[in-house]
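Engineer: Below you'll find the structure I mean.
The values are calculated or read from the model by the stated rules, or taken from the named source; none is laboratory data. Only a predicted model underlies this, so the values are computations on that prediction, with no experimental measurement involved. Here Cβ is always computed from backbone atoms with ideal geometry, including for glycine, and neighbour counts include all displayed protein chains. Note: accessible area is taken over every heavy atom of the protein model, side chains too, but ligands, DNA and RNA are not part of it. Shrake-Rupley method; radii C 1.70, N 1.55, O 1.52, S 1.80 Å.
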There are 2 protein chains.
Amino acid sequence: MVENPSISQVQALFFDVFGTLMDWRTSVARESRLILEPLGYQLDWLAFADAWRNEYQPGMEEVRSGKIPFSKLDVLHRRNLERFLPRFNVTGLPEAVMRDLNLAWHRLDAWPDVPGALIRLKTRYRIAPCSNGNISLGVDLARRNKFSWDAIFGSEIAGDFKPKPRVYLAACEALDLAPEQCMMVAAHSRDLKSAAECGLRTGHIARPHEFGPNTGETGPIVPVDIAGSDLADLATKLGV
Amino acid sequence: MVENPSISQVQALFFDVFGTLMDWRTSVARESRLILEPLGYQLDWLAFADAWRNEYQPGMEEVRSGKIPFSKLDVLHRRNLERFLPRFNVTGLPEAVMRDLNLAWHRLDAWPDVPGALIRLKTRYRIAPCSNGNISLGVDLARRNKFSWDAIFGSEIAGDFKPKPRVYLAACEALDLAPEQCMMVAAHSRDLKSAAECGLRTGHIARPHEFGPNTGETGPIVPVDIAGSDLADLATKLGV
C-alpha cells in the first residue's frame, strides 16, 4: 500500500535511461574495446567512455538552445565521437567501424536490479523510458535487456532534449494523463527537478557508481516524492 | 528459411490494428452493451458497432485533406459517436458515460491467433503497431491482450492518418531502417498498396469475418510479398 496520497494517483512511470537503468560507463568501455583493440589500440577504455559522455551535455545544449535543429541522439553521439577521438590518437577509422562504434550506446547492459524491478512495476503501472536517447536506441536496449515497455517516449517524440519541459509533458500527453498522474524516475536530481516543475511526481534512485566508484548521487539533492536505494527498493516502496 | 530475397532483408514488422489484429466489431458491440444496457437501452449492438465504424474513414478524411488539424483517434471517435448516436435514439448521456463509451475502442480483444503469433514473430523481428489509433489506445490494447511491442508507431508520431505516406515512413525512420527493411502487415489491401508505394514490403492476412460473416478480405486484391490465412500462418511462412 502506498500511503502518500500524491503517489497513490500515479498511473505511469517514466524512466531516465543512461545511468538510471543502464550502466553506460562499463558497457561503452567494453564495446569500444571489442571494436578497437583488434585494430591495435590499447587505451584506457573507461577514460574513453568518460570522454564520450563528457561531450553529451554540450552536444545536446546546441539543440536545446536552438543553435542547431533537433537530431536523434545517435547523430549527436557520432559528432561527439569525432570531437574527442583525436585526443586518444584514434584516426582514420573506416566508416563501417565508426558506425559500429557509435552503436556501442545501443548495446548497454542494465544495472542488475533493473529487469526484475521493471517486471514488478509493470503489474501496476504503465512503464516507458523518457530518455534523451532516440527510439531505435531504446528499442535495442529493451531487446538486449528483456525490458517490456508499454511505449517508448523521450526526446524523439518531443523534438527536444531533457530537461526541457516539452519532453516530460509529451510523455504525459501521449498517455492521456495529467502530469500529477505520472512519475519521473531518475538517478539525477536535475532531471527530477525539471519533471517536478512540470507537475510530475518524482522518484529518485541511487546510482553511487555511475561515473566510477563513488561518483554518482547516493540520494536526491532536491525534494522528491520517493527515493530508493535502487529500482528494486523503489518498487518495494511503491508497494509492488 | 525465407527464400524470397525481398523478404529476407526485413527486420521490422508493422501491424495494422483494427480488423487485422483486433476483432473490433464484436468487442465494441460487447463494450457498448455493457455500458448502455443497464441504462435501459435495447439495441442491435453489432449494428451499433458498425455505425460507429462507418464514421471512421470520413472522420479521418477531414484530417488527411487538411480540413481540420490532426487529432488523436480518440477525439475523432468521440465526434463520430456524437454523430451517429441520435440514429439509435440514444440522447442525453452523462459526460462520464460518453467518455467511458468512447473508450470501448481501448478494450478490444485480439483475434485468437494473434498473441501467440506475435510472440513468435518478436523472436526474429522488431514488431510495432502502425495504426491510426493513438498511442494510449495502443498501450491499452497491448496491456489487455498481453502484446509485447518493441515500440508504438502510427498516426500520432506521424501527425497524419494512413494511408498517407508519412505514417509508414515515420515508422521506418524511427527504427533507422530503409522502407525495404520493413514489412507492413494488414488485412486490408488499401493499406498494403500504400505501404508498397512507400517502398515497404507487404504481408496480407485474411480476416474474412471482420465486418460480420463473409465480409472481409479472404486474400489480397493487390500484389503483396506474402499472404497468410491468419497471423500464425504468416509467421510460419516467414519461417519463425
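Engineer: How far is A:ASN4 from the same spot in each other copy, in nm, shortest first, if each label point sits 7 Å from Cα toward Cβ?
Structural biologist: Ordered by increasing distance: 5.3 nm.
Engineer: Could you give the size of the charge dipole of the stretch B:1-75 about its Cα centre, using +1 on the Cβ of each K and R and -1 on the Cβ of each D and E, expressed in debye and rounded to the nearest 20?
Structural biologist: About 140 debye.
Engineer: Expressed as a whole number of Å, what is the distance separating the alpha-carbon centroids of the stretch B:93-143 and the stretch B:177-240?
Structural biologist: Each part's Cα centre sits 18 Å from the other's.
Engineer: Chains B and A: buried accessible surface, both sides, probe 1.4 Å, rounded to 100 Å²?
Structural biologist: 1700 Å²
Engineer: Could I ask something else about it? Provide an ascending nm list, one decimal, of label-point separations from B:GLY212 to the equivalent residue in each further copy; define each label point as 7 Å from Cα along Cα→Cβ.
Structural biologist: For B:GLY212, the inter-copy label distances come out at 7.3 nm.
Engineer: Here's a follow-up. Quote the charge dipole size of the protein assembly as shown about the Cα centre in Debye, to the nearest 20; the model charges only the Cβ of Lys and Arg (+1) and of Asp and Glu (-1).
Structural biologist: 60 debye
Engineer: Turning to a different aspect of this structure: Show log10 I(q)/I(0) for the protein assembly as shown at q = 0.08, 0.13 Å⁻¹, two decimals, from a solvent-free Debye sum over equal Cα scatterers.
Structural biologist: The computed values of log10 I(q)/I(0) come out as -0.52, -1.28.
Engineer: Quick one: with label points 7 Å out along Cα→Cβ, list the inter-copy distances for B:SER148 in nm, shortest first?
Structural biologist: 0.6
Engineer: Among B:PRO163, B:VAL139, B:ALA195, whose Cα sits farthest toward the positive end of the charge dipole of the stretch B:111-208 (+1 at Cβ of Lys/Arg, -1 at Cβ of Asp/Glu, about the Cα centre)?
Structural biologist: Towards the positive end, the residue furthest out is B:VAL139.
Engineer: Take the solvent-accessible surface of the protein heavy atoms, probe 1.4 Å, and return the percent of it on the stretch B:147-209 that carbon and sulfur atoms account for.
Structural biologist: 53 percent
Engineer: Filter the trypsin sites (Lys or Arg not before Pro) in the stretch A:22-70 down to the DSSP loop ones having no more than 16 other Cβ atoms within 10 Å, then list what survives.
Structural biologist: Filter output for the stretch A:22-70: A:LYS67.
Engineer: For B:LYS146, A:LYS122, B:LYS193, what's the largest-to-smallest order of accessible area, 1.4 Å probe?
Structural biologist: Result of the area sort, largest leading: B:LYS146, B:LYS193, A:LYS122.
Engineer: Taking chain A as the reference, fit the longest principal axis to its C-alpha atoms, fit the long axis of helix A:165-174 to the helix C-alpha atoms, and give the angle between the two in degrees, 0 to 90, nearest 10.
Structural biologist: So the helix axis and the longest Cα principal axis differ by about 60 degrees.
Engineer: Sort A:PHE84, A:PHE70 by heavy-atom solvent-accessible area, probe 1.4 angstrom, most to least.
Structural biologist: Result of the area sort, largest leading: A:PHE70, A:PHE84.
Engineer: Continuing with the same structure: Sorted from largest to smallest, which semi-axis lengths in Å does the alpha carbon gyration tensor of the stretch A:67-183 give for its equivalent ellipsoid, taking the root of 5 times each eigenvalue?
Structural biologist: Working from the Cα gyration tensor, I get semi-axes of 30, 19, 10 Å.
Engineer: Moving to a separate point now. Could you quote the convex hull projected area for the stretch A:25-106, Cα atoms only and averaged over all directions, in nm²?
Structural biologist: Computing the convex hull of the Cα atoms and averaging its projections yields 5.2 nm².
Engineer: Hey, could you grab the Kirkwood Rh for chain A? Inverse mean 1/r over distinct alpha carbon pairs, Å, one decimal.
Structural biologist: It works out to 18.3 Å.
Engineer: May I ask you to list the GluC sites (Glu not before Pro) in the stretch A:1-73 that are in a DSSP loop and have at most 15 other Cβ atoms within 10 Å of their Cβ?
Structural biologist: Here the sparse-neighbourhood loop sites are A:GLU3.
Engineer: With the alpha-carbon atoms as the only input, what is the per residue convex hull volume for the stretch A:118-240 in Å³?
Structural biologist: Considering the Cα atoms of the stretch A:118-240, their hull volume per residue is 104 Å³.
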